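Report on the structure given below.
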């Protein structure tokens, strides 16, 4: 059976079209949890769950226990549901693998068995991985690239009947990266007291998530782009005083990404903004920020900045650093970028 998409599986589940076995795996746990929860929500009604629903964890069970559970007949219901959470912890020793393979080839039709295998996929070269792909409804949850998350946030909120400012979405990405579970958790807190149709703003992010709309890595990049030394040093000092809000590893990563895009601007400066946004993989709204930086940083200076960032990345890991603390490193690095 070919790998299936989230939307296709979710659609079938909501329409109560169930397969005997689901194998949900991948690096991004959010969609694995979403599908497992959907199946749990729709496979059985609340009246029969006590008799027909079994949830176990991979580290606590063996193949015999799972397969014996799957072999039971449902009680006063059309089907029973067995969910194996953290399935990546299952033992796949030879004798157990044989039992799983036999079941995957001939599953019990009145049982819905769900493997929720997080933080990776089974080895596709081995029999278990091959049979899971062949016999089960197989879904692989792949992580988003960080430059895809802002659009994902906008789409997620749109489905909930909300909107978000472009800068607010970018600020959320800065805070949560591409950890979709973390993003959703924060978004749910933001919309809980808002009416459908409302727009999430920078003020909402500051109040609800605790990220300063003035002192964050996003604004540091803008200050550096404009070569605004006063603002850049203010933000650096804020990070020194509030290290959880601006850890050096986060600042380094976002600055690297920012100046890489500025470098791409130099190489594609003749393109119209829409096409340039596509090259940079950013919302067209932000092209103007990179064009500001384009005027203040030559290609030669950008190459020097990349060396500076690499140096401070090593120093943050203790290489040729001496006794300087992280905050001192950050301030010194910002100064060298600006001068």
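Values in this text are rule-based calculations from the coordinates and carry no lab data. Predicted model, so just to flag it, every value in this text is computed and none were measured. Neighbour counts run over all protein chains shown; Cβ positions are idealised from the backbone, glycine included.
Each label point is 7 Å from the Cα along the Cα-to-Cβ direction; what then is the distance between the points at residue 45 and residue 102, in nm?
3.7 nm
Over the C-alpha atoms of the stretch 260-334, what are the Rg and the largest Cα-to-Cα span, Dmax, in Å?
Expressed in Å, the Cα Rg and Dmax of the stretch 260-334 come to 15.6, 48.
What is the chain by shape, rounded, prolate or oblate, if you read a ≥ b ≥ c off the alpha carbon gyration tensor as root eigenvalues and call it rounded for a/c under 1.5, prolate for a/b larger than b/c, and oblate otherwise?
Numbers: a/c = 2.53, a/b = 2.08, b/c = 1.21.
Prolate, because a/c is 1.5 or more and a/b exceeds b/c.
For the chain, give the share of DSSP beta bridges that are antiparallel, in percent and rounded to the nearest 5; count only bridges with both residues there.
Values: 1 of 23 bridges.
Bridges in the chain that DSSP calls antiparallel: roughly 5 percent.
Which shape class, rounded, prolate or oblate, goes with the stretch 1-41 when its Cα gyration tensor gives a ≥ b ≥ c as root eigenvalues, a/c under 1.5 marks rounded, and past that a/b bigger than b/c marks prolate?
On the way: a/c = 1.68, a/b = 1.25, b/c = 1.35.
Oblate shape, in that a/c is at least 1.5 and b/c is the bigger or equal ratio.
Based on the alpha carbons, how large is the Rg to Rh ratio for the stretch 146-209 when Rh follows Kirkwood?
My calculation of the ratio gives 0.90.
Please give the contour-minus-distance gain from residue 270 to residue 159: 0.36 nm per residue of separation, less the Cα-Cα distance, rounded to one decimal in nm.
Working: separation 111, 0.36 × 111 = 39.96 nm, distance 3.67 nm.
Going from the current span to full extension adds 36.3 nm.
Mean shadow of the stretch 205-339, computed from the convex hull of its alpha carbons, in nm²? Working shown, then result.
Details: hull surface 33.6 nm².
Projected over every direction and averaged, the Cα hull of the stretch 205-339 covers 8.4 nm².
When the label point is put 7 Å from the Cα of residue 75 along its Cα-to-beta-carbon vector, which residues of the stretch 17-50 have a backbone N closer than 14 Å?
So the set is 47-50.
Rank these for me by crowding, 307, 22, 57, going from fewest to most other beta carbons within 10 Å.
Numbers: 307 10, 22 23, 57 14.
Arranged by neighbour count, lowest to highest, 307, 22, 57 become 307, 57, 22.
In nm, to one decimal, how far is the modelled label at residue 166 from the one at residue 244, with both set 7 Å along Cα→Cβ?
It is 3.2 nm.
When a footprinting reagent is the concern and you count Cβ atoms within 10 Å, what order do 260, 254, 199 take, fewest first?
Least to most surrounded, the residues fall as 199, 260, 254.
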